[in-house]
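The values are calculated or read from the model by the stated rules, or taken from the named source; none is laboratory data. Not measured: the values here are computed from a predicted model. Here the Cβ positions follow ideal geometry from the backbone for every residue, glycine too, while neighbour counts run over all protein chains shown. The protein model used for the area step is the full one, side chains on, heavy atoms only, and it has no ligands, DNA or RNA in it. Shrake-Rupley method; radii C 1.70, N 1.55, O 1.52, S 1.80 Å.
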Amino acid sequence: MKNFWHFLYLRRLGRIGALWLVEMGMLLAVAVLSELFISGPRLVNAQGLIAIDLHTTVSDWNQGCAAITNTVVADSEGGELRLAATVEDYFNGTQIDTTRWISNISNPAAGGNPATSIGGGLLTLDGTYLLSTAAITALPRFFEARARLVQTANTSGRPDVGFWRHPTLGPLYDPDPTVGGSRLFVYGDPNGGANDLWTVARDNNTVSWQNPNETSADQYHTFRVEWDSAQTRYYIDGSLWDTIIVNSTVITGWVFLYHQTPSDPYGTTPMTVDWVRGGQYPSSGTYVSCPMDGIGPNWISMYWNETVPGSTGIAMRTRASNDGVNWGAWSAPTTTNPFSITTNARFLQYMVEMTSSNPLFSPEIQSISATRRTGPTAVRLTDFQGHSEPWPRWRLVVVLGMGAILLTALGLRALRVS
């Protein structure tokens, strides 16, 4: 009798074990299905990299603690760093800068209501002019402006942009021809006829009017003049428009923005100017950023978007500090882009070094960015799925699936035996 009860007890234990194996197999099967079909986000602690924009806008660059030498923050492309020209203005205030410009009525005899105004980053000339206070006395030189010569087609008020002679030695529209040379884009022919765009070169009493071609003067264009001793090249929106071969005998000139005939009462429309620069670029300049806090020794690399014409260059240096006060030495200059930052310090500064061996051209930086580490944090694995290795998940599926099959098979066999 004792052996019989012992047999029943062992058989009951076998059934329990077999059922346990079947249940474990079913649980593993559920895990496999969950892994295959349930794709909710999973959180893990990870340390990653983030990219940050250091400087991309005018306000980013123009911080009071930045040190600027022979460079300028320009808003001609929404915010960029470049070498500073002899004359340069982006018309971001509300008043004419009298340290840069002489401003007056173009033709007092015309009457009407001439006016000059600045607003919304634009200069508006309506029967008025701006002439630079600085005389440009060296060749080669350049003039460049983004301007809209008229607001509506066939309403020319005779706008001129380029280099002009000095108005204090004679009427502005007819100054002493021996005091300065002229290199201009003029919209409207010399006799006040058709609305064509002309290129003009004048030294002493020798005047050359060239290339009377139509252009969409009621749209914004970038007008550029490159004036050297043997010829003058005229560009619109980066394309060569005209070349005048002339040996310059009078080289002094002033940067000039001019609109002759006021809209009231003549029915013309004003000229608007977004920005202007002219003269020459220096051979070198620097920009030193404010200290930047990496919130720990997390700096990895820096990179920048640049435009580097031939004969110009950009190099970058960095230095580091643990406290933002005591700084190490500047690194050697590098043109590698991007470049690694080999420091464990919390604070970082960078120095941009710009160079040009041609006074007509400047390099530009449109933005500077960096990468740095983030601290350990909870992140979703799905955030990294585009960059992760797919095999580990499928290995897990295979292992779980094989385990489910094996355990279920063993459990069912044990049930049959019992």
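Couple of notes before you dig in:
- Pair list, Cβ < 7 Å and 6+ apart or interchain, from the stretch 57-74 residues that are of a type in the set (Phe, Trp, Tyr) to residues that are crowded, with 19+ Cβ neighbours inside 10 Å and in a strand (DSSP E or B): TRP61/HIS55; TRP61/VAL73; TRP61/LEU81
- Taking the criterion of being aliphatic (A, V, I, L, M) and either touching a Gly at 6+ places or on another chain (Cβ under 6 Å) or free of Cβ contacts under 8 Å to residues at least 24 places away in the same chain (or both), the only residue of the stretch 119-160 that qualifies is ILE136.
- For the stretch 327-371, the set of residues classified as assigned to a loop (DSSP other than H, G, I, E, B), of a type in the set (S, T, N, Q) and more than 23 Å from ASN70 (Cβ to Cβ) consists of THR336, THR342, THR343, ASN344, listed by residue number.
- Restricted to the stretch 87-107, and to residues there that are free of Cβ contacts under 8 Å to residues at least 60 places away in the same chain and under 18 Å from ARG165 (Cα atoms), the residue that is surrounded by the most Cβ atoms within 10 Å (Cβ to Cβ) is TRP101.
- Qualifying position, being open to solvent by less than 20 Å² (accessible area, probe 1.4 Å) and of a type in the set (A, V, I, L, M), among LEU125, LEU139: LEU125
- Meets criteria (part of a strand (DSSP E or B), at pLDDT 95 or above and touching a Gly at 6+ places or on another chain (Cβ under 7 Å)) for VAL273: no
- Among the candidates ILE295, ILE300, the residue that is in contact with a strand residue (DSSP E or B) (Cβ under 7 Å, 6 or more places away or on another chain) and either on the phi < 0 side of the Ramachandran plot or at pLDDT below 95 (or both) is uniquely ILE300.
- Only residues that are under 14 Å from GLY121 (Cα atoms) and open to solvent by 50 Å² or more (accessible area, probe 1.4 Å) were counted in the stretch 54-77, giving 1.
- Across the stretch 281-291, the number of residues qualifying as surrounded by fewer than 20 Cβ atoms within 10 Å (Cβ to Cβ) and touching a strand residue (DSSP E or B) at 6+ places or on another chain (Cβ under 7 Å) comes to 6.
- Residue in the stretch 262-271 that is surrounded by fewer than 22 Cβ atoms within 10 Å (Cβ to Cβ) and touching a Lys or Arg at 6+ places or on another chain (Cβ under 9 Å) present: no
- Selection of the stretch 334-355 for residues being under 28 Å from the mean Cα position of the chain (by Cα) and open to solvent by 70 Å² or more (accessible area, probe 1.4 Å) yields THR335, THR336, PRO338, SER340, THR342, ARG346.
- Filtered residues of the stretch 212-252 (kept if assigned to a strand (DSSP E or B), at pLDDT below 90 and surrounded by 14 or more Cβ atoms within 10 Å (Cβ to Cβ)): PRO212
- Applying the criterion of at least 3 residues that are within 22 Å of TYR90 (Cβ to Cβ), among the charged types (D, E, K, R) and at pLDDT 90 or above to the strands (runs of 3 or more DSSP E) found wholly in the stretch 134-203 leaves 141-148.
- Pairs, first within 17 Å of ASP160 (Cβ to Cβ) in the stretch 201-216, second assigned to a loop (DSSP other than H, G, I, E, B) and among the polar types (S, T, N, Q), C-beta under 9 Å, six or more apart: ALA201/SER248; ASP203/ASN247; ASP203/SER248; ASP203/THR249
- Of the criteria (1) part of a strand (DSSP E or B); (2) open to solvent by less than 50 Å² (accessible area, probe 1.4 Å); (3) not small (Gly, Ala, Ser), which one ASN305 fails: (2)
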